[in-house]
Amino acid sequence: MDKQPVKVLFVCLGNICRSPTAHALFQTCVNKYNLEEKIIVDSAGTGDWHVGLPPDKRAQAMALKNGYDMSHLRARQVSPSDFIQFDYILGMDHDNLHDLKQLKPSNYQGVLGLFLSESGIESAEEVPDPYYGNEQHFENSIKLIQDAVEGLFLRIKKDHNL
Ligand code: 4NP
């Protein structure tokens, strides 16, 4: 039986630091389990300042240092149609979630929440914005994202019998 793929969207403010990192790490997990056709991954920003651009150089460098190449990703802005497409829409912080709730149609049936909380992480709710920070802030971001990705993957696999 052909089932529709499960679609997962990671959202931050600019779509150049946190959400592309989550996108790249989660995609790696999906690929490792050969589920590329069953789980579709994407990312977007609530803002439009960086649309069309690759991830921030510092985020790319931190990803590469941890074994992930995300140079092919390009920023886009989240849109109301994402609520038709995506089963999971996961914000990196409370501001992202607040903005997403403004866009959410009342009949949205999917999971709209915080990435860390929906992944089962209890020690933190937000992936803090590293954009105005230093290398330490980018390292903190990727560590939080790394911790959460596997929990989210296992949850989605279980929720959808994959
Ligand atoms: P992101 O980081 O939301 O993790 O992509 C930011 C990127 C750009 C800006 C803020 C945060 N900005 O103000 O341009």
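Nothing in this text is a laboratory measurement; each read-out follows from the coordinates by a stated rule. Since the model is a prediction, treat every value here as computed from it, not as a measurement. Neighbour counts are summed over all protein chains in view; Cβ atoms, including those assigned to glycine, are modelled from backbone coordinates with ideal geometry.
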**Prompt:** Near ASP93, within a Cβ-to-Cβ distance under 14 Å, what is the net charge of the other residues, with Lys and Arg +1 and Asp and Glu -1?
**Reply:** -4
**Message:** Per residue of the stretch 67-83, what does 6.51 cos²θ - 1.76 cosθ + 1.60 with θ = phi - 60° give for ³J(HN,Hα)? Whole Hz please, x for Gly and Pro, Karplus curve as stated.
**Reply:** x, 10, 9, 10, 5, 7, 6, 10, 6, 9, 9, 5, 9, x, 5, 4, 6
**Fill in**
Per its Cα gyration tensor (rounded if a/c is under 1.5, else prolate when a/b beats b/c, else oblate), the stretch 16-162 is best filed as rounded
**Item:** Amide H partners (placed H, <5 Å) of SER43, local residues excluded
**Value:** PHE10
**Asked** Alpha carbon centre of the stretch 84-127 versus the stretch 1-56: separation in Å?
**Response** 14 Å
**Prompt:** For the stretch 1-153, what is the relative contact order in percent, using Cα pairs closer than 8 Å and at least 6 residues apart in sequence?
**Reply:** 27 percent
**Request:** Can you tell me which of 113-120, 51-58, 86-93 comes out highest on packing, and rank the rest after it, using the mean Cβ neighbours within 10 Å?
**Result:** 86-93, 113-120, 51-58
**Message:** I need to check one value: relative contact order of the stretch 64-162, counting alpha carbon pairs closer than 8 Å and at least 6 residues apart, in percent.
**Reply:** 22 percent
